[in-house]
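The values are calculated or read from the model by the stated rules, or taken from the named source; none is laboratory data. Owing to the predicted nature of the structure, the values given are computational and were not obtained by experimental measurement. Heads up, the Cβs are rebuilt from the backbone with ideal geometry, glycines too, and the neighbour counts pull from every protein chain shown.
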């Protein structure tokens, strides 16, 4: 099978790059990274949520070009079906797609108020009411999934849902969001995945900073 390429932007700031990269890693599809520097105007726009049409992450494989994160997940599920990116059960699969779609199109206040910043840590960060509503909704999703599946991942085994919510986990860690015990256990599980450890280590080596995403007091 030909090696794919995955175009990504900043590992420190780009939640969408992390999602696409994790799903590709989870799938087992061999791939090479193509990185766009954070000071590239198009990459900067994507990171700052200015442009909804930026084509990052972008997976290229055997003639296919896929630039939407959910589409990447669906393509990988078709291409690497044994990886289990979607649950085998029809009802669970529908549930997985639903919560992935929700994070894909929603939670705009959470994104704007608590931007991904893997180098940062802000204990006691002030969380505004609308952002707290998004946090509460994420917790409901996680709580329901873990109750139904029994854990340790949202659908028992690791799926694309865990990749889609991984950047939210990093936000909770960066901004010191307090979680109940079961959700904290899940968040710690995600943060300690070998793929996440690899990504975070690389993020911390990035020299560039985007001032708009650096919290100041």
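Pairs needed: first member in the range 64-88, without any contact (Cβ under 8 Å) to a residue 24 or more places away in the chain; second member anywhere, surrounded by fewer than 21 Cβ atoms within 10 Å (Cβ to Cβ) and in a loop (DSSP other than H, G, I, E, B); C-beta distance under 7 Å; at least 6 residues apart or different chains.
Close Cβ pairs satisfying both conditions: 67/55.
Given the condition within 19 Å of the chain's Cα centre (by Cα) and under 21 Å from residue 28 (Cβ atoms), answer yes or no: does some residue in the range 184-191 qualify?
Checked the range 184-191: at least one residue is within 19 Å of the chain's Cα centre (by Cα) and under 21 Å from residue 28 (Cβ atoms).
Hey, could you check the range 27-50 for residues that are surrounded by fewer than 15 Cβ atoms within 10 Å (Cβ to Cβ) and in contact with a helix residue (DSSP H, G or I) (Cβ under 9 Å, 6 or more places away or on another chain) and say which is modelled with the lowest pLDDT?
Selected residue: 50.
Would you be able to say whether some residue in the range 196-204 is under 15 Å from the mean Cα position of the chain (by Cα), at pLDDT 95 or above and part of a loop (DSSP other than H, G, I, E, B)?
For the range 196-204, residues under 15 Å from the mean Cα position of the chain (by Cα), at pLDDT 95 or above and part of a loop (DSSP other than H, G, I, E, B): absent.
A quick yes/no check of all residues on (1) out of contact with any helix residue (DSSP H, G or I) (no Cβ under 8 Å at 6 or more places or on another chain); (2) assigned by TED's automatic domain parsing to the domain that holds residue 25; (3) not in a strand (DSSP E or B):
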residue	(1), (2), (3)
73	no, yes, yes
77	no, yes, yes
97	yes, no, yes
132	yes, no, yes
140	yes, no, yes
147	yes, no, yes
156	no, no, no
